[in-house]
Amino acid sequence: MTQQPSVWISRPTFPEVTVRLEPYFRVLAEPREAKFTPAELAAKLADCDAAIVGLKERVGVAEVAGARRLRIVANLGVGYDNLDLAALTAAGIAASNTADVLNESVADYAWALLLGAARRVGAAERWLRAGQWRATEFKGWLGAEVRGRTLGILGMGRIGQAIARRAQGFGMPVLYHNRSRLPETTERECRARFVDKGMLMRESDFLVLVLPLTSQTRHAIGAAELAQMKPTAVLVNVARGGIVDDAALAAALREGRLAAAGLDVFEGEPNVHQDLLALDNALLSPHIASATTETRRAMTAVAVDNVLALFGHGAHAGHPPNLLNPEALAVGRAPFLTREEPTR
Ligand code: 8YV
């Protein structure tokens, strides 16, 4: 009889995750959030057949070198810059993400930051809590009007499109730039116009970043791009730290070359650049754009679907729906452990 495979879950999730996995796997779920050293992570991966990990687990060549049984790394996130896909593929280890299920919650949050940064919500709340509200000044706390202004979106995948659709309610023209232009029907539905990156920088009153972090997109917004933006513009980043040069952004905000920023992601998270922390016109949050109960539950469900599918179980048996590296399946690891569905 085959030994039951094991699945390691790197962070606390939801009870239904274990319920779904237990019929097929020995479930090794971390009871609390922890930051693993590369050596600790390598040891965890060496001891399981499947892993469900978060963005803080950086999985590369060294981490999978001793992972002889590992067949899949299911990432709890749509972005997967924490995974070295080439290393996983070369080792014959599948990788999956949680595309789509977080589109709407992240789009909502991008708008929360956009509106919050435009209307100075964070700074006003700090001021009030500090007991400074003695009289309401008619000309106090003036922010930026949103309605009718131009929304720019850099990175027009499905999250970008969900952000664009919401702009119709604010009567905002939408410009976007993306590696490739969207089909005309999608452009029409999103009422979005494709422009080059320079024009996007120059024309946007609000610029939202929704592109993945890759070697090409690192510091896609640096000093040169910030210099092209309107001094009245507001920048929103719900994508990844590292896409923006945080030091250059802090300088632009401090010197009034940019009006405000709403940032959910930072270079070197969970550390935040000291200069950003000191600025009242930066609205900052701790990487929570997808954090609604429904979405986080849906993300874990997708990760479980992918693990089950790779081991030949569930609705997608044999075909993990969010596979990032189908080539990995052709690399000669042991064939799937196809097991009988348990009888209930
Ligand atoms: C995180 C995200 O996954 O999906 C992504 O790429 O950045 C987020 O949804 C989430 O914050 C869990 O760490």
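The values are calculated or read from the model by the stated rules, or taken from the named source; none is laboratory data. Predicted, not measured: the structure shown is a model, and the values here were computed from it. Note that each Cβ is placed from the backbone with ideal geometry, even for glycine, and that neighbours are counted across all protein chains shown. Heavy atoms of the whole protein, side chains included, go into the accessibility calculation; ligands, DNA and RNA do not. Shrake-Rupley method; radii C 1.70, N 1.55, O 1.52, S 1.80 Å.
Please specify each residue of the stretch 31-50 satisfying the condition of being of a type outside the set (Phe, Trp, Tyr) and surrounded by 15 or more Cβ atoms within 10 Å (Cβ to Cβ). Leu41, Ala42, Lys44, Leu45, Ala46, Asp47, Cys48, Asp49, Ala50, listed by residue number. Return a yes/no flag: does the stretch 223-231 have any residue that is within 16 Å of the ligand (Cβ to nearest atom), assigned to a loop (DSSP other than H, G, I, E, B) and closer than 23 Å to Met156 by Cβ. There is no residue in the stretch 223-231 that is within 16 Å of the ligand (Cβ to nearest atom), assigned to a loop (DSSP other than H, G, I, E, B) and closer than 23 Å to Met156 by Cβ. Listed by first and then second residue, the pairs with beta-carbon distance under 6 Å, at least 6 apart or on different chains, first residue in the stretch 273-302 and assigned to a helix (DSSP H, G or I), second open to solvent by less than 40 Å² (accessible area, probe 1.4 Å) and within 11 Å of the ligand (Cβ to nearest atom), are Thr295/Leu102; Thr295/Ser105; Met299/Leu76; Met299/Thr98; Val302/Thr98. Candidates in the stretch 88-105 are the residues that are farther than 18 Å from Phe311 by Cα and of a type in the set (A, V, I, L, M); of these, the one that is nearest to the ligand (Cβ to nearest atom) is Leu102. Taken over the stretch 51-64, the criterion of being within 16 Å of the ligand (Cβ to nearest atom) and either aliphatic (A, V, I, L, M) or surrounded by fewer than 19 Cβ atoms within 10 Å (Cβ to Cβ) (or both) is satisfied by Ala51, Ile52, Val53, Gly54, Leu55, Lys56, Arg58, Val59.
Can you name the residue in the stretch 134-183 that is of a type in the set (Val, Ile, Thr) and in a loop (DSSP other than H, G, I, E, B) and is also farthest from Ala99 (Cα to Cα) among such residues? Steps first, please.
We begin by selecting, within the stretch 134-183, every residue of a type in the set (Val, Ile, Thr); these are 136, 146, 150, 153, 159, 163, 174.
When the remaining residues are screened for being in a loop (DSSP other than H, G, I, E, B), the result is 136, 146, 150.
On the way: Thr136: 45, Val146: 29, Thr150: 28 Å.
Ranking the qualifying residues of the stretch 134-183, first place goes to Thr136.
Selection of the stretch 270-299 for residues being more than 10 Å from the ligand (Cβ to nearest atom), under 19 Å from Val210 (Cβ atoms), open to solvent by 40 Å² or more (accessible area, probe 1.4 Å) and out of contact with any strand residue (DSSP E or B) (no Cβ under 6 Å at 6 or more places or on another chain) yields only Thr292.
Restricting the search to the stretch 251-266, which residues are closer than 23 Å to Val146 by Cα, free of Cβ contacts under 8 Å to residues at least 40 places away in the same chain and either crowded, with 20+ Cβ neighbours inside 10 Å or aromatic (Phe, Trp, Tyr) (or both)?
Ala252, Leu253, Leu258, Val265
Which of the numbered conditions does Arg202 fail, given that it passes all the others? Conditions: (1) open to solvent by 60 Å² or more (accessible area, probe 1.4 Å); (2) within 16 Å of the ligand (Cβ to nearest atom); (3) outside any loop (DSSP other than H, G, I, E, B). The failed condition is (2).
Of the residues that sit in the stretch 65-86 and are open to solvent by less than 10 Å² (accessible area, probe 1.4 Å) and free of Cβ contacts under 8 Å to residues at least 40 places away in the same chain, which one is nearest to the ligand (Cβ to nearest atom)?
Step one: of the stretch 65-86, the residues open to solvent by less than 10 Å² (accessible area, probe 1.4 Å) are 67, 70, 72-75, 77, 82.
Right, trim to free of Cβ contacts under 8 Å to residues at least 40 places away in the same chain and you get 67, 70, 73, 82.
Details: Ala67: 22, Leu70: 21, Val73: 14, Asn82: 9 Å.
Checking each candidate, the answer is Asn82.
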